[in-house]
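Single-structure report; data block below.
The values are calculated or read from the model by the stated rules, or taken from the named source; none is laboratory data. Computed from a predicted structure; not experimentally measured. Note that we place each Cβ from the backbone using ideal geometry, even for glycine, and neighbour counts take in every protein chain shown. SASA here: full protein model, heavy atoms, side chains in, ligands and nucleic acids out. Shrake-Rupley method; radii C 1.70, N 1.55, O 1.52, S 1.80 Å.
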Amino acid sequence: MADQQKIHPVSVTEPAQVAPIPKPTAPLVPRGSSRSENGDPERQQPPPPLKRSLTPYSPLKPPKKKRGCCVRCLCWSCCLFFLLIVLIGIAAAVVYLVFQPKLPKYSVDSMRITQFNLNTDTSLSATFNVNITARNPNKRIGIYYENGSHLSVWYKGTNLCEGKLPKFYQGHRNTTQLNVHLTGQTQNATNLLQLLQEDQQKGKIPLNIRVKVPVRIKLGKLKLMKWKFLLKCSLNVDNLSQDNVIRIRDNKCKVRFRF
């Protein structure tokens, strides 16, 4: 007979009691942040690799300065101005060679005094008649004497009388005699008469005749713009007596022009 199985009693021990896990007093996740069952994704995933640019490095070009355009404009302006001066010079040279211009000549031929006396208020009244000769020596140039001229007689800085030239045209190689009537009045002329008497005793009274006259030059058939002749004549006379023959001792006239 088979061996009977023996049953031995086994003592059952009670399972050990596990200590309870203490609850955390502070939250594991800071306030304001979100929880995730999978943890922090930034800590779990590695950062993406940095991409390197294959474009070669080139230094930045400095911006173009605006004054470069201004310099070009200034250079062009200077060149045009220089070219204009050259053209004007060439034109003036051609005119000079073709027409050979010469300044007109003037002279004071005679002078007559119809009034020269001291008034009761110590003013001096004077009336002169002056004969002037104008000569145009040019072969191909005419002169138009325009309105607006002024002629005056001066003695030691004092204007004695004034007048004006007539309007006329003077042709090529022409000589024109002009009779100009001048009148004037000088205030407080007592001292002036004393100086005149002293010079008259010497037989030499210095006078200056000044003329300003606008003119137009005619080159062939071309009439140029208006210029101005400035004439100054220095002369010495023997006396300034009324209704007396006046002898002109010296007579020098200079003329110049301006635009």
Test: LYS218 is modelled with pLDDT under 95, in contact with a Gly (Cβ under 6 Å, 6 or more places away or on another chain) and open to solvent by 40 Å² or more (accessible area, probe 1.4 Å) | yes
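Condition test on LEU224, is it open to solvent by 40 Å² or more (accessible area, probe 1.4 Å) and under 30 Å from the mean Cα position of the chain (by Cα)?
It is true that LEU224 is open to solvent by 40 Å² or more (accessible area, probe 1.4 Å) and under 30 Å from the mean Cα position of the chain (by Cα).
So that you can scan it fast, the table gives a plain yes or no per residue for (1) under 18 Å from ILE209 (Cβ atoms); (2) in contact with an Asp or Glu (Cβ under 6 Å, 6 or more places away or on another chain):
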site	(1), (2)
LYS102	no, no
VAL108	yes, no
LEU118	no, no
ASN129	yes, no
THR133	yes, yes
PRO137	no, no
ARG140	no, no
Name the pairs whose Cβ atoms lie under 6 Å apart, with the first residue in the stretch 158-171 and without any contact (Cβ under 8 Å) to a residue 60 or more places away in the chain, the second in a strand (DSSP E or B) and of a type in the set (Gly, Ala, Ser), and 6 or more positions between them or separate chains?
-> ASN159/SER152; LEU160/ALA126; LEU160/GLY184; CYS161/ALA126; CYS161/GLY184; GLU162/SER152; GLU162/GLY184; GLY171/GLY142
The residue that is nearest to LEU193 (Cα to Cα), considering only those in the stretch 160-181 that are within 38 Å of the chain's Cα centre (by Cα) and open to solvent by 90 Å² or more (accessible area, probe 1.4 Å), is LYS164
Scope the stretch 171-192; condition assigned to a strand (DSSP E or B) and of a type in the set (Ser, Thr, Tyr); matching residues = THR175, THR176, THR183, THR186
Of SER107, SER77, SER125, the only residue that is at negative phi, modelled with pLDDT under 90 and open to solvent by less than 100 Å² (accessible area, probe 1.4 Å) is SER77
All positions within the stretch 86-106 that are closer than 20 Å to LYS228 by Cβ and outside any helix (DSSP H, G or I) | PRO101, LYS102, LEU103, PRO104, LYS105, TYR106
Residue in the stretch 136-159 that is surrounded by the fewest Cβ atoms within 10 Å (Cβ to Cβ), counting only those that are in contact with a Pro (Cβ under 6 Å, 6 or more places away or on another chain) and not in a loop (DSSP other than H, G, I, E, B) = ASN136
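Would you tally the residues in the stretch 172-219 being polar (S, T, N, Q), free of Cβ contacts under 8 Å to residues at least 12 places away in the same chain and closer than 20 Å to SER125 by Cβ?
3
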